[in-house]
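K.L.:
One structure follows; several queries about it will come next.
Derivation of every value follows stated rules applied to the coordinates shown; laboratory data play no part. Since we're looking at a predicted model, the values are computed, not measured. Here the Cβ positions follow ideal geometry from the backbone for every residue, glycine too, while neighbour counts run over all protein chains shown.
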Amino acid sequence: MNHAPIDQTGAWQRLMEHAEEMRTTHLRELFVDEDRGGAFMRQAAGLTLDLSKQRWSDATLERLLDLARAVEVPQRIQALLNGEHVNISEDRPALHTALRLPPEAELVVDGEDVVPGVHATLDRMATMVARLHARQWRGATGRPIHDVVNLGVGGSDLGPLMVTHALADYRPADAHHVEVHFASTMDGSQLADYLTRFNPETTLFVISSKSFTTIDTLSNARTARDWLMARLVEDGIQGVDEEMVMRQHFVGVSAKPDKMSEWGIAEANQLLFWEWVGGRYSLWGAIGLPIALVIGMANFRELLAGAHAMDEHFAKAPLGDNLPVLLALAGIWNVNFLDIRAHSILPYDGRLEHFAAYLEQLEMESNGKSATHDGRQVSYSTCPVLWGQLGPNAQHAFYQLLHQGTQPVVCDFIAPLKRYDDVEDAATRDHLKAQHRLTLANCFAQSRLLMLGDDAIDEPGERPGHKRYRGNQPSTTLLLDRLTPATLGALIALYEHKVFVQAAIWDINPFDQWGVELGKQIAGETERMLADQHGHEQMDASTRALLEAVWRAEGG
Ligand code: F6P
């Protein structure tokens, strides 16, 4: 695509001029307008987005919408959803949205309707889930599977881990005797813990890897396989052989069937997805097997339906009412015009404990880039540093920096409006509802204090320096009607689309990740050097000293 760099367009320049004025405007001044709360609030798919605490005005938003039009955001959205090859460096579509299309939909991509294949995979997942829930899936010795361990990393771990944790309340009765666990780290520490506790006869491993070459996952998988073989075959359990162990104790999820077969995954246990699903966008299909195991297939389909509702909104809502577009524009404004390059994700609901980690991959692996589509280096900032934690716990950890540190930070506060209505015991329900109110109060108080600083409280007299709050830290508040499979689906899709819109404006490809490749290559070389104690002579002094420290430790 050949066009002028975005920072040389008129729309960008107009924002630059406008930013001069806005940079010196404190949020408290913007709140002189009594109607501001409602004016920057939008709703869709069970979510309410409050952007009133961003350091912007109607005029800012108008200019940002002009910028979005200048890069043809509406056309880009259609290209994404229609399956055009928007992943330019890898020349393929990015069709995670196809994974949540209803069965009656049709989407012809490169000459083929992809919807029947999507639903055939969902049906195969449903069969596996039903067998496991019905205790019909048995290990090699005939005992029903009790522990399912997902071995995957990055997109083959973070999405399922985050969603299973968030929706654990939705576990149907028949799912109660299957426990789902996750092991991702290449050092084997998570897996080693499971291997000391689980019974090999009743443990199933799901090897999740789009490429089926990721060393982290394959190392864990090999350890798991050896453990099973040692405990079930070599220990001589009668009638158990290697083939039975492979067939009864391993499922593979990948876009590479050949590699799965080569590794020994039985064909009947292979769940496939497509190259056009990016790893960090893959929880909606076969990679979501652990999710379906925890919440059941009906709830899994609700998750898809919620995401699809957000897709529909993204496709049809005008830019000025379009939640993902607005969220993206707020981010562009902060990063590129207010120079705010730190972004904190703060859910006020313990069930969203892994949401920040999930978004760290989604946003930073997608948009942590500096080469444009045609290979130029950008002359503007792209993805901010994004991190987070449960808000209530972070209040006792890093909020000190948010309130009184020197870094400008934008925060996303996320909370459900309703919680605990379904707790049966009335007294417990009342207590828990009071805790929910307490949590909402903290959430709203923190964003208000970040916005207003000292003005949040009416106290006479001057405060000493160490007690002063300058405020003016912008934030977004995202309220879910309730945390359900559908609203969580919509929330994740909201962020996926936000990332896409920002990438369109920054002229970068959010669907590749070349920045992780060289590290893998060098790690391979380093591993060989470590093992062979050879080749390090060519290394830099630091690497040499580190390698020698390992050899000394091994020798001792
Ligand atoms: O190394 C980065 C990455 O490729 C991520 O993009 C991906 O989600 C993760 O590794 C795992 O990859 P795979 O699913 O192919 O094992």
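K.L.:
Identify, please: which residue in the stretch 246-257 is among the hydrophobic types (A, V, I, L, M, F, W, C) and within 16 Å of the ligand (Cβ to nearest atom) and is, among those, farthest from ASN220 (Cα to Cα)?
P.N.:
Checked the stretch 246-257; the qualifying residue farthest from ASN220 (Cα to Cα) is ALA255.
K.L.:
Oh, and also: Which residue, of SER209, SER184, is crowded, with 17+ Cβ neighbours inside 10 Å, under 27 Å from the mean Cα position of the chain (by Cα), among the hydroxyl-bearing types (Ser, Thr, Tyr) and within 30 Å of ALA415 (Cβ to Cβ)?
P.N.:
Result: SER184 is the single residue among SER209, SER184 that is crowded, with 17+ Cβ neighbours inside 10 Å, under 27 Å from the mean Cα position of the chain (by Cα), among the hydroxyl-bearing types (Ser, Thr, Tyr) and within 30 Å of ALA415 (Cβ to Cβ).
K.L.:
Does the stretch 240-248 contain any residue that is more than 15 Å from PRO200 (Cβ to Cβ), touching a Phe, Trp or Tyr at 6+ places or on another chain (Cβ under 9 Å) and buried (at least 19 other Cβ atoms within 10 Å of the Cβ)?
P.N.:
No; the residues of the stretch 240-248 include none that is more than 15 Å from PRO200 (Cβ to Cβ), touching a Phe, Trp or Tyr at 6+ places or on another chain (Cβ under 9 Å) and buried (at least 19 other Cβ atoms within 10 Å of the Cβ).
K.L.:
With respect to THR121, determine if the residue is closer than 27 Å to ASP512 by Cβ, outside any helix (DSSP H, G or I) and of a type in the set (Ser, Thr, Tyr).
P.N.:
Judged against the criteria, THR121 is not a match.
K.L.:
Being of a type in the set (A, V, I, L, M) and either surrounded by fewer than 24 Cβ atoms within 10 Å (Cβ to Cβ) or within 16 Å of the ligand (Cβ to nearest atom) (or both) is true for just one of ILE287, ILE295. Which residue is that?
P.N.:
When all the criteria are applied, what remains is ILE287.
K.L.:
Continuing with this model, one more query. From the list LEU480, LEU432, LEU494, which one is within 20 Å of ARG351 (Cβ to Cβ), of a type in the set (A, V, I, L, M), in contact with a Gly (Cβ under 9 Å, 6 or more places away or on another chain) and more than 16 Å from the ligand (Cβ to nearest atom)?
P.N.:
Going through LEU480, LEU432, LEU494 in turn, the sole match is LEU480.
Let's see how each residue does on (1) at positive phi; (2) crowded, with 17+ Cβ neighbours inside 10 Å; (3) touching an Asp or Glu at 6+ places or on another chain (Cβ under 9 Å):
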{"residue": "HIS96", "(1), (2), (3)": "no, yes, yes"}
{"residue": "LEU99", "(1), (2), (3)": "no, yes, no"}
{"residue": "GLU112", "(1), (2), (3)": "no, no, no"}
{"residue": "ALA120", "(1), (2), (3)": "no, no, no"}
{"residue": "ASP147", "(1), (2), (3)": "no, yes, yes"}
{"residue": "MET162", "(1), (2), (3)": "no, yes, yes"}
{"residue": "ALA166", "(1), (2), (3)": "no, yes, yes"}
{"residue": "ASP169", "(1), (2), (3)": "no, no, yes"}
{"residue": "ALA173", "(1), (2), (3)": "no, no, no"}
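K.L.:
If the requirement is being part of a helix (DSSP H, G or I) and either polar (S, T, N, Q) or within 16 Å of the ligand (Cβ to nearest atom) (or both), which of these qualifies: GLU243, GLU262, GLU201?
P.N.:
Matching residue, one of GLU243, GLU262, GLU201: GLU262.
K.L.:
Under 6 Å between Cβ atoms, which residue pairs at least 6 apart in sequence (or on different chains) link something in the stretch 241-266 that is under 19 Å from GLY155 (Cα atoms) with a partner that is of a type in the set (S, T, N, Q) and within 16 Å of the ligand (Cβ to nearest atom)?
P.N.:
GLY252/GLN270; VAL253/SER208; SER254/SER209; PRO257/GLN270; MET260/SER254; MET260/GLN270
K.L.:
Would you point out the residue of the stretch 127-148, among those that are assigned to a loop (DSSP other than H, G, I, E, B) and free of Cβ contacts under 8 Å to residues at least 24 places away in the same chain, that is nearest to the ligand (Cβ to nearest atom)?
P.N.:
By that ranking, first place goes to GLN136.
K.L.:
Oh, and also: Considering only residues that are buried (at least 18 other Cβ atoms within 10 Å of the Cβ) and under 19 Å from PRO384 (Cβ atoms), which ones fall in the stretch 404-438?
P.N.:
Correct list: VAL409, VAL410, CYS411, ASP412, PHE413, ILE414.
Residue-by-condition table, conditions (1) polar (S, T, N, Q); (2) closer than 30 Å to HIS313 by Cα; (3) within 16 Å of the ligand (Cβ to nearest atom); (4) surrounded by fewer than 13 Cβ atoms within 10 Å (Cβ to Cβ):
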position: ASP512; (1), (2), (3), (4): no, yes, yes, no
position: ILE522; (1), (2), (3), (4): no, no, yes, yes
position: HIS536; (1), (2), (3), (4): no, no, no, no
position: VAL550; (1), (2), (3), (4): no, no, no, yes
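K.L.:
I've got another one for you. Residues GLU267, GLU302, GLU360, GLU275: which one is closer than 22 Å to ASP50 by Cα and not hydroxyl-bearing (Ser, Thr, Tyr)?
P.N.:
The unique qualifying residue is GLU360.
K.L.:
For the stretch 149-189, enumerate the residues that are under 21 Å from SER282 (Cα atoms), away from the ligand (no atom under 12 Å from the Cβ) and β-branched (Val, Ile, Thr).
P.N.:
VAL149, VAL163, THR164, VAL180, THR185, listed by residue number.
K.L.:
Let me ask something else about it. What number goes with the only condition from (1) within 22 Å of PRO408 (Cβ to Cβ); (2) crowded, with 16+ Cβ neighbours inside 10 Å that GLY465 does not pass?
P.N.:
Every condition holds for GLY465 apart from (2).
K.L.:
Output yes when any residue across the stretch 442-458 is out of contact with any strand residue (DSSP E or B) (no Cβ under 8 Å at 6 or more places or on another chain) and over 28 Å from ARG23 (Cβ atoms), and no when none is.
P.N.:
yes
K.L.:
Hey, SER211 hits all of (1) in a helix (DSSP H, G or I); (2) within 14 Å of the ligand (Cβ to nearest atom); (3) among the polar types (S, T, N, Q) but one; which does it fall short on?
P.N.:
Condition (1) is where SER211 drops out.
K.L.:
So which pairs qualify, if the first residue must be in the stretch 517-536 and in a helix (DSSP H, G or I), the second must be among the hydroxyl-bearing types (Ser, Thr, Tyr), the Cβ gap must be under 8 Å, and the two must be at least 6 apart or on different chains?
P.N.:
Close Cβ pairs (under 8 Å, with a partner that is among the hydroxyl-bearing types (Ser, Thr, Tyr)) amount to THR526/THR543; HIS536/THR543.
K.L.:
If you don't mind, there's one more thing I want to ask. Which condition breaks for THR217 when tested against (1) assigned to a helix (DSSP H, G or I); (2) over 25 Å from the mean Cα position of the chain (by Cα)?
P.N.:
(2)
K.L.:
Hey, another quick one. Can you tell me which of THR48, THR25, THR60 is part of a loop (DSSP other than H, G, I, E, B) and among the β-branched types (Val, Ile, Thr)?
P.N.:
THR25
K.L.:
Right, another one. Taking the condition of being of a type in the set (S, T, N, Q) and within 13 Å of the ligand (Cβ to nearest atom), how many residues in the stretch 265-284 meet it?
P.N.:
Residues that pass the stated criteria total 1.
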